[in-house]
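Quick notes on the structure that follows.
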Amino acid sequence: MSAHTPNELHEAFPEDAAAIQRLKRENAHFARLAERHHTVNRAIHRIESGIEAASDERLEGLKRERLHLLDAIAAMLENAPAG
């Protein structure tokens, strides 16, 4: 696996890097969402890289979950107080 996994949170929300770090520390729900996004994103990367085998349905399910997580994270970032 390459050292770089695409679609990490800091790439999806580059202007919100400080808010992401702050929310990970201060908001347990946000931290869980971010960790789940990281886990799902790595799984997708392993499948797409051929490191791990999975059905098309499994891959598509993971991609849908990643999108839902990104939507939830984006909403929390949008509503986060400036810090």
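The values are calculated or read from the model by the stated rules, or taken from the named source; none is laboratory data. Because the structure is a prediction, the values reported are computed rather than measured. Cβ: placed from backbone, ideal geometry, glycine included. Neighbour counts: every protein chain shown.
In the range 35-81, the qualifying residues are those that are in contact (Cβ under 8 Å) with a residue 40 or more places away in the chain and closer than 27 Å to Glu15 by Cβ, and the one that is surrounded by the most Cβ atoms within 10 Å (Cβ to Cβ) is Ile73. Could you check the range 3-48 and list, in sequence order, the residues that are hydroxyl-bearing (Ser, Thr, Tyr) and at pLDDT below 95? Thr5, the sole residue that qualifies. Which of the residues spanning the range 14-34 are aliphatic (A, V, I, L, M), surrounded by fewer than 14 Cβ atoms within 10 Å (Cβ to Cβ) and over 17 Å from Ala82 (Cβ atoms)? Once the filter is applied, which keeps residues that are aliphatic (A, V, I, L, M), surrounded by fewer than 14 Cβ atoms within 10 Å (Cβ to Cβ) and over 17 Å from Ala82 (Cβ atoms), the range 14-34 yields Ala28, Ala31.
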